[in-house]
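The values are calculated or read from the model by the stated rules, or taken from the named source; none is laboratory data. Predicted model, so just to flag it, every value in this text is computed and none were measured. A quick note on method: Cβ atoms are made from the backbone with ideal geometry, for glycine too, and the neighbour counts reach across all protein chains shown. The area values use the complete protein model at the heavy-atom level, side chains included, leaving out ligands, DNA and RNA. Shrake-Rupley method; radii C 1.70, N 1.55, O 1.52, S 1.80 Å.
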Amino acid sequence: MLPAEPIIQPSTRIDCIALRGHTIWVKRDDLIDPFLSGNKYYKLYRLIHTAPKELHTLKSWGGAQSNAMLAIAALCHRKGWRFEYATRTLPAQLSDAPSGNLKVALELGMQLQEYAPKAFANAITSLRGQHRPGTLVVAQGGADAMAMDGIKKLADTIEAWRITMGFDQLCLATPSGTGTTAAGLAKALPHLTMLTTPLVGDCDYLLEQIGAHGPIPDNLQILDRGGHHRFAKPEAKFLSLFEEIREATGIVFDLIYGVPMWHALLHAIDNIKPPILYIHSGGLSGNATMLERYASLQKP
Ligand SMILES: *Cc1c(COP(=O)(O)O)cnc(C)c1O
């Protein structure tokens, strides 16, 4: 058994930044923990506060560089739980030399199970149906009903801050993968506006994912990025915006979710009523592999 780890504390820090002449508040949830940061901290909140003896194994599935994967691996490492993670067969390059989130998760003891595409779908179906004592199956990306516990905590912190600041309304912004965080916050704070943009698939796919868990909150506004976007595709405009924001504010955002969300937000900002609170969704551990991909694109 590992010694009891101190429970990770949420970050309450909110910075005021100036970007392209706009004043925007940023909730610094990137500062919570290097691996269990941003919305993953809140989605896994209930498990972070679960006694180690309550469980022995966590199982999940998804992409080989997933931030949720790394967050669960870090959680299991602290709790002394086994972590089994199902993914599609790795490309030879990654299998020979694991990098980024995968490397760290493996170092934290994650047991990786690779499946060919067809077998992967069956493996997920079987995982979803599993109910074994001491074992918990966490849906891809942490998109579980369980996530709502932590998202409510996040909503309470935001609401307390809004009242302290004397704002009678507030526009929240955060990027979406599964949409669990954005929809959960919109539901918990029905009197505020929640802005998001889809990074996995398009607007219809995001609405479908959110709709699978309940009605779409009226106060959720999805900024359409237009057209089809391949997940995590490096784009020159994102790299330059990443650098611009870092230079102007000193804050680093992740290149997969955060920077495209800023791109959509800045595009729409003249039609958004301030004050705006951007909720940093963490994920900085993924930037190293993304920056490598950008660097290899720039080679002649
Ligand atoms: C997981 C993740 C998201 C997406 O969160 P959802 O609740 O799945 O929409 C956004 N940003 C970062 C950095 C993430 O790691």
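Remark: pairs (first residue in the range 142-153, outside any helix (DSSP H, G or I); second residue at pLDDT 90 or above and within 11 Å of the ligand (Cβ to nearest atom); Cβ separation under 6 Å; 6+ apart in sequence or on different chains) = 143/178; 143/180. Residues in the range 98-137 that are free of Cβ contacts under 8 Å to residues at least 12 places away in the same chain, more than 22 Å from the chain's Cα centre (by Cα) and in a helix (DSSP H, G or I): 118, 119, 121, 122, 125, 126.
What about residue 167, is it touching a residue at least 60 places away in the same chain (Cβ under 8 Å) and either open to solvent by 10 Å² or more (accessible area, probe 1.4 Å) or not in a helix (DSSP H, G or I) (or both)? Spell out how you get there, then give the answer.
Numbers: touching a residue at least 60 places away in the same chain (Cβ under 8 Å): yes; either open to solvent by 10 Å² or more (accessible area, probe 1.4 Å) or not in a helix (DSSP H, G or I) (or both): yes.
Yes: the conditions hold for residue 167.
Among residues of the range 15-47 being more than 16 Å from the ligand (Cβ to nearest atom) and within 21 Å of the chain's Cα centre (by Cα), the one that is least open to solvent (accessible area, probe 1.4 Å) is 24. Among the residues of the range 285-298, those identified as among the polar types (S, T, N, Q) and within 14 Å of the ligand (Cβ to nearest atom) are 285, 287, 289.
Kindly provide the set of residues from the range 148-171 that are over 16 Å from residue 282 (Cα atoms) and within 15 Å of the ligand (Cβ to nearest atom), ordered by number. Within the range 148-171, 148, 149, 152, 153, 155 qualify.
Could you please find all residues in the range 103-145 being of a type in the set (S, T, N, Q), more than 16 Å from the ligand (Cβ to nearest atom) and in contact with a Ser or Thr (Cβ under 9 Å, 6 or more places away or on another chain)?
Start the filter on the range 103-145 by keeping residues that are of a type in the set (S, T, N, Q), which leaves 111, 113, 122, 125-126, 130, 135, 140.
Checking which are more than 16 Å from the ligand (Cβ to nearest atom) leaves us with 111, 113, 122, 125-126, 130, 135.
Matches in the range 103-145: 113, 135.
Need the failing condition index for residue 282 against (1) more than 11 Å from the ligand (Cβ to nearest atom); (2) in contact (Cβ under 8 Å) with a residue 40 or more places away in the chain, just the number. It is condition (1) that residue 282 fails. Does residue 24 fit the bill of being over 30 Å from residue 126 (Cβ atoms) and in contact with a His (Cβ under 9 Å, 6 or more places away or on another chain)? Here the answer is no, as residue 24 does not meet what is asked.
Residue under question is residue 249, and the condition is that it be among the polar types (S, T, N, Q), within 30 Å of residue 166 (Cβ to Cβ) and surrounded by fewer than 19 Cβ atoms within 10 Å (Cβ to Cβ); does it hold? So residue 249 passes the test. Note on the range 110-129: residues that are under 23 Å from residue 78 (Cβ atoms) and open to solvent by 40 Å² or more (accessible area, probe 1.4 Å) amount to 3. Selection within the range 225-269: residues that are in contact (Cβ under 8 Å) with a residue 24 or more places away in the chain, among the charged types (D, E, K, R) and within 16 Å of the ligand (Cβ to nearest atom). The member of this set that is farthest from residue 284 (Cα to Cα) is 225. Within 16 Å of the ligand (Cβ to nearest atom), small (Gly, Ala, Ser), open to solvent by less than 70 Å² (accessible area, probe 1.4 Å) and assigned to a strand (DSSP E or B): does that describe residue 11? Considered against the rule, which asks whether it is within 16 Å of the ligand (Cβ to nearest atom), small (Gly, Ala, Ser), open to solvent by less than 70 Å² (accessible area, probe 1.4 Å) and assigned to a strand (DSSP E or B), residue 11 comes out as no.
Listed here are the residues, each with its yes/no results for (1) at pLDDT below 95; (2) farther than 23 Å from residue 180 by Cα.
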position: 241; (1), (2): no, yes
position: 273; (1), (2): no, yes
position: 282; (1), (2): no, no
position: 287; (1), (2): no, no
position: 291; (1), (2): no, yes
position: 295; (1), (2): yes, yes
